[in-house]
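What follows is a single structure, written as structure tokens, with notes after it.
The values are calculated or read from the model by the stated rules, or taken from the named source; none is laboratory data. Computed from a predicted model, the values in this text were never measured in an experiment. Neighbour counts run over all protein chains shown; Cβ positions are idealised from the backbone, glycine included.
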Amino acid sequence: MNNDFYTEYLVSKAPTGGDTVKKLLIGLGTAILSAAAFWFIFFPISLFIIVGIFYGAYYLMTGVDAEYEYILTNSDLDIDKIIGKRKRKRLVSASIDSFTAFGKLSEAGDFSGTTVLAAGSEGEAYYADFVHKTEGNVRIIFTPNERILDGMELFLPRQLRIEFKKNRVRLTKETEE
């Protein structure tokens, strides 16, 4: 009998005001460069330059969008950032059985250390604290779905698992009332 656990979940990064400003500036730059190419360069050449400008603008604008992929394999949680659906970067790898704290972000205490923000635009935010061998104290802030939470529950250290189960039961009862 095989008891391996594997699941993954993809969430879109919540757009920030900075993301909107970047896209507006890219659009404005595209308009200015296209107008300059149209007015100051001969027509056949300017057409190729304008097409290149629009391609560059598209490439830059899609690079502002990001998604986070949570991959849970047994007790290993990997979080990758996918930029523009074309580039992947590993943000963090952690072993769930080494977590020192875990729960809803709204119930988190003070923290000093490195924070990895990988929260999507939808769902409840959770946090997980652990000690990394080179970074020291690390807190992950993310928005897992129920399947990820169910899998994490299997591998949490005993005390964290007991607290997490109590909170899940309490919240289930509150939502039923």
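Couple of notes before you dig in:
- Residue match in region 94-104 (condition: part of a strand (DSSP E or B), crowded, with 19+ Cβ neighbours inside 10 Å and not polar (S, T, N, Q)): yes
- Summed over region 138-162, the residues that are assigned to a loop (DSSP other than H, G, I, E, B) and out of contact with any helix residue (DSSP H, G or I) (no Cβ under 8 Å at 6 or more places or on another chain) give a count of 2.
- Residue selected from region 105-126 under the condition surrounded by 14 or more Cβ atoms within 10 Å (Cβ to Cβ) and in contact with a Pro (Cβ under 8 Å, 6 or more places away or on another chain), by the criterion nearest to residue 66 (Cα to Cα): 123
Let's see how each residue does on (1) touching a residue at least 24 places away in the same chain (Cβ under 8 Å); (2) in a helix (DSSP H, G or I); (3) within 30 Å of residue 132 (Cβ to Cβ):
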position	(1), (2), (3)
9	yes, no, yes
15	yes, no, yes
34	no, yes, no
57	yes, yes, no
61	yes, yes, no
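- Checklist (1) assigned to a helix (DSSP H, G or I); (2) surrounded by 15 or more Cβ atoms within 10 Å (Cβ to Cβ) applied to residue 129, failing item: (1)
- All of (1) closer than 21 Å to residue 18 by Cα; (2) in contact (Cβ under 8 Å) with a residue 60 or more places away in the chain; (3) in contact with a Leu (Cβ under 8 Å, 6 or more places away or on another chain) hold for residue 121 with one exception: (3).
- Residue 64 meets the stated requirement of being buried (at least 17 other Cβ atoms within 10 Å of the Cβ), more than 18 Å from residue 147 (Cβ to Cβ), within 18 Å of the chain's Cα centre (by Cα) and of a type in the set (Val, Ile, Thr).
- Among the candidates 38, 5, 48, 43, residue that is under 30 Å from residue 90 (Cβ atoms) and at pLDDT below 90: 5
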